[in-house]
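Since the structure comes first, as structure tokens, the remarks are kept for the end.
What follows draws every value from the coordinates through simple rules; no lab data is involved. Note that the structure is a prediction, hence the values are computed from the model and not measured. Using ideal geometry, Cβ is built from the backbone for each residue, glycine included, and neighbour counts are taken over all protein chains shown.
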Amino acid sequence: MMRMEILYALLASTSTTLILASDSLKEIENAKRTLSQTFKMTDLGEISWILGMEVKQDHKHKTITILQEKYINGILKWYGQLNVHPMKTPSLPNEQLIKLKSPKPDVDVKWYQSAVGALMYAMLGTCLDLAYMVGILSQHTAVLGKDHVHTVQCTFRYLHAMIHHNLTFNGNECGELIGFSDTDWAANVNNHHSISGYVFMLSGAVVSWSSKKQGSMALLSTEAEYIAGAHAAKEAIWLRTLLSEFGELQEAPMTLLINNQSTITIVKNPAYHMHTKHIDVRYHFLCEKYASGELELQYVPTGEQLADVLMKGLVHEKHKRFCSGMGVR
């Protein structure tokens, strides 16, 4: 249960929607009673909506389902995409957007920027497989042309097909936190920077995900994977800490699955290695957490690397299989 002084700090100066979580209903009732004595509050009962997301709980089957059907319908209608033909994937394999030197005069920049923001919020909620396209589209918000607008429209067409999709967490499944880290080496055609991505799974569905362009150029695929693994390691440590605050202490090292054997070898061998001497020291955080026993790196074949869906456009069957593996139903 969250400490009461933290709750007071959250509620002191503004209207706030607060979620209380505990394995004891009595503790929740005590917390609500204490808060109501200090603040004017309304008890909304069991959570059903939060930040535009619908939450459904099935106590009998121990599942929690999160969906954004209302929000997705709303933005499709707002941007005139409600009656479009749905697409099976958010992007085509090997699809790229070229950076323009100057904006085209016949495009609506504000519409584009607003649409990308709307897609980003859907991605942050339940539509995690939009992360790659949102990241690519966001790099062209100032200078764009018709191809960029067309790509946004295609992404909306995929979102149309995802209206009823959701994330389902199953309390009957293993509560062990497990991560996937991947990269698409030199994927950006404009500057040849790689893309880092990770997903973390808990109780049958993804709880954290990221798709981000790396800040520096990786000379080797191993280096790109090493940098991606370092980013994933930082998130892993934070998630382990968060779970411990909920009373779910992760005793064993957390498994991070990587589909690059050379990267795993470099991390497990603390000796000097010619392929890492030029890498920024901050990325050696991955080695440190492996040495401390907090992380365990394991190899996973590319065909089973769930984070691959955040790196590039995939064919429909592979995209669907990876999304299902991440708990998207």
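Of note:
- Dipole of segment 173-325 [Lys/Arg +1, Asp/Glu -1 at C-beta], most positive-end residue of 258, 295, 315: 315
- The ranking of 19, 227 by Cβ neighbour count inside 10 Å, starting from the fewest, reads 19, 227.
- Simple spin-label estimate for residue 245 and residue 318 in nanometres, 7 Å along Cα-Cβ: 3.8
- Dipole in debye (nearest 20) - the chain, about Cα centre, beta carbon charges: Lys, Arg +1; Asp, Glu -1: 880
- Our helix-only sum for the chain, with -39,500 (n - 2.57) per DSSP H run of n ≥ 4 divided by its residues, gives a mean residue ellipticity at 222 nm of -11500 deg cm²/dmol.
- Placing unit charges on each Cβ (+1 for Lys and Arg, -1 for Asp and Glu) gives the chain a dipole about its Cα centre, and among 31, 228, 186 the Cα reaching farthest toward its positive end belongs to 186.
- Toward the positive end of the charge dipole of segment 69-161, with +1 on the Cβ of Lys and Arg and -1 on the Cβ of Asp and Glu, the farthest Cα among 105, 89, 143 is that of 105.
- Karplus-based coupling profile of segment 168-181, in residue order and whole Hz: 10, 9, 10, x, 7, 8, 4, x, 7, 7, 9, x, 10, 10, with θ = phi - 60° in 6.51 cos²θ - 1.76 cosθ + 1.60 and x standing for Gly or Pro.
- Sequence-distant lysines (8 or more away, or on other chains) whose Cα lies within less than 27 Å of residue 32: 40, 56, 60, 62
- In this Cβ point-charge picture (+1 for Lys and Arg, -1 for Asp and Glu), segment 69-161 has a dipole of about 140 debye about its Cα centre.
- The trypsin sites (Lys or Arg not before Pro) of segment 201-308 meeting both criteria, a DSSP state outside H, G, I, E and B (loop) and at most 15 other C-beta atoms within 10 angstrom of the site's C-beta, are 277.
- Alpha carbon centroid spacing (whole Å) that separates segment 201-235 from segment 15-62: 34
- The candidate values are (1) 20.9; (2) 19.4; (3) 21.8; the one derived from this structure for Kirkwood radius over Cα pairs in Å carries the label (3).
- Hydrophobic, long helices, defined as DSSP H runs whose alpha-carbon span along the helix axis is 24 Å or greater and whose mean Kyte-Doolittle value is at least 0.5, occur in the chain at 109-125.
- Shape call, segment 195-325: gyration tensor on alpha carbons, a/c limit 1.5: oblate
- Straight Cα distances below 25 angstrom link residue 101 to the lysines 110, 146, 212, 213, 312, with same-chain residues fewer than 8 positions distant left out.
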